[in-house]
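Participant: Following this message is one structure expressed as structure tokens.
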Amino acid sequence: MIRRKQENFDLAQICRSGQCFRMKEKEEGFYSVIAGRRYLELEQQEEDFVFYCDEEEFFDFWEDYFDLRGDYASYISGIAPDDAYLKRAAEFGSGIRILRQDLWEMIVSFLISQQNNIVRIRRCIENICERYGEKLAGPNGERYYAFPLPEALAGLAEDALIECNLGYRSKYVVRAAKAVAEGTCDLEALGRMSRKKAREELLKLYGVGEKVADCVCLFGLHQLDAFPVDTHISQALQAHYKRGFPKRRYLGFRGVLQQYIFYYELAGASSAETAQTR
DNA sequence: TATCAGGCCCTAG
DNA sequence: CTAGGGCCTGAT
């Protein structure tokens, strides 16, 4: 196991920021994550963390997975001093990191996310994993399911995943699996593309629109400049940036700021405002 | 009972 | 190109 002190890193915030649907808070301060075929348990107390894995696995995988070498303090200090709203949002979600998750998994997750709520998104994904993913055992015998490979879904009927509660999104996922399995959509190549090109390629997938494509760029390709605009972000931008969000200023890390805003609107803004008006 | 949840597709005009 | 209807499902 690895002990580590880390600033700007908070598992509860990451868990609730709606980017990783396979991370769970089991108890206060105690979490588990499934990534690819891996399973990790970890603990947090303030800025002290315990990763229940050996040193090799930590430095080979989890350190990058959680983007612990990223300098999030610099993103936050880059915020315009007179932008009180953004400063508040960043302060509220200052422990968020953009994880380096698996590309295929992100494509499926954000196909499922459309017109959907987070609780159900998680359930859909667990259903798919339990039904089509490989059953594995952790170091202490914990049972868990890997995310199914494209090949495991490519042969399904387009409506097969309705059983997993995907509803009309079933055909989106099955078609995406086919595209990847057949090579029409080349995951390796996507990883080497510019943001613009990657976005363009992703948009060719049935069921992937601009919002989902940007989420995949941000969370699956770690393109921190991608800025997904959903209904919440759109409303927040209209309310707080009448002249438009200063995209130019934040070139290169707009996606991080997007996450601060998203999380703030989701978890913080309402309570903060009632506190303010009181 | 109607509306909405981290949209997208398709068809008309 | 823009507008608007339809879509699975569960929660409020």
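Participant: In segment A:109-143, which residues are away from DNA strand B (no atom under 16 Å from the Cβ), exposed (fewer than 15 other Cβ atoms within 10 Å of the Cβ) and assigned to a helix (DSSP H, G or I)?
Facilitator: Listed by number, the list holds a single entry, A:E130.
Participant: Checking A:S74 against (1) over 20 Å from A:R254 (Cα atoms); (2) surrounded by fewer than 16 Cβ atoms within 10 Å (Cβ to Cβ), which single condition isn't satisfied?
Facilitator: (1)
One line per residue, one yes/no per condition, for (1) closer than 25 Å to A:Q115 by Cα; (2) among the polar types (S, T, N, Q); (3) not in a helix (DSSP H, G or I):
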| position | (1), (2), (3) |
| --- | --- |
| A:E188 | no, no, no |
| A:G191 | no, no, no |
| A:R199 | yes, no, no |
| A:V208 | yes, no, yes |
| A:K211 | yes, no, no |
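Participant: Being under 18 Å from A:A90 (Cβ atoms), within 16 Å of DNA strand B (Cβ to nearest atom) and in a helix (DSSP H, G or I) is the requirement here; does A:Q259 meet it?
Facilitator: yes
Participant: Okay, moving on. Do any strands (runs of 3 or more DSSP E) entirely within segment A:14-61 hold 2 or more residues that are in contact (Cβ under 8 Å) with a residue 24 or more places away in the chain, and if so, which?
Facilitator: A:30-35, A:38-45, A:48-51
Participant: Looking at A:F245, A:F219, which is the one that is under 22 Å from A:D10 (Cβ atoms) and touching a helix residue (DSSP H, G or I) at 6+ places or on another chain (Cβ under 9 Å)?
Facilitator: That would be A:F219, the only listed residue that is under 22 Å from A:D10 (Cβ atoms) and touching a helix residue (DSSP H, G or I) at 6+ places or on another chain (Cβ under 9 Å).
Participant: Then there is this: Looking only at segment A:88-122, which residues are more than 19 Å from A:A177 (Cβ to Cβ) and charged (D, E, K, R)?
Facilitator: A:R88, A:E91, A:R97, A:R100, A:R120, A:R122
Participant: Another question about this same structure. Among the residues of segment A:144-176, write down those that are acidic (D, E), within 16 Å of DNA strand C (Cβ to nearest atom) and in a helix (DSSP H, G or I).
Facilitator: A:E163
Participant: Another question, then. Any residue at all in segment A:175-189 that is under 19 Å from the mean Cα position of the chain (by Cα) and buried (at least 19 other Cβ atoms within 10 Å of the Cβ)?
Facilitator: yes
Participant: Any idea how many residues of segment A:209-221 are surrounded by fewer than 24 Cβ atoms within 10 Å (Cβ to Cβ) and either among the β-branched types (V, I, T) or within 14 Å of DNA strand C (Cβ to nearest atom) (or both)?
Facilitator: 3
Participant: Which one is farthest from A:L11 (Cα to Cα), of the residues in segment A:62-80 that are over 18 Å from the mean Cα position of the chain (by Cα), assigned to a loop (DSSP other than H, G, I, E, B) and of a type in the set (A, V, I, L, M)?
Facilitator: The selected residue is A:A80.
Participant: Answer with yes or no whether A:I125 is of a type in the set (A, V, I, L, M), under 16 Å from the mean Cα position of the chain (by Cα) and over 27 Å from A:V180 (Cα atoms).
Facilitator: Against the criterion (of a type in the set (A, V, I, L, M), under 16 Å from the mean Cα position of the chain (by Cα) and over 27 Å from A:V180 (Cα atoms)), A:I125 does not qualify.
A short reminder: the numbers here are calculations on the coordinates, not readings from a lab. Here the structure is a predicted model, which means the values were calculated and not measured. Virtual Cβ from ideal backbone geometry, glycine too; neighbours counted across all protein chains shown.
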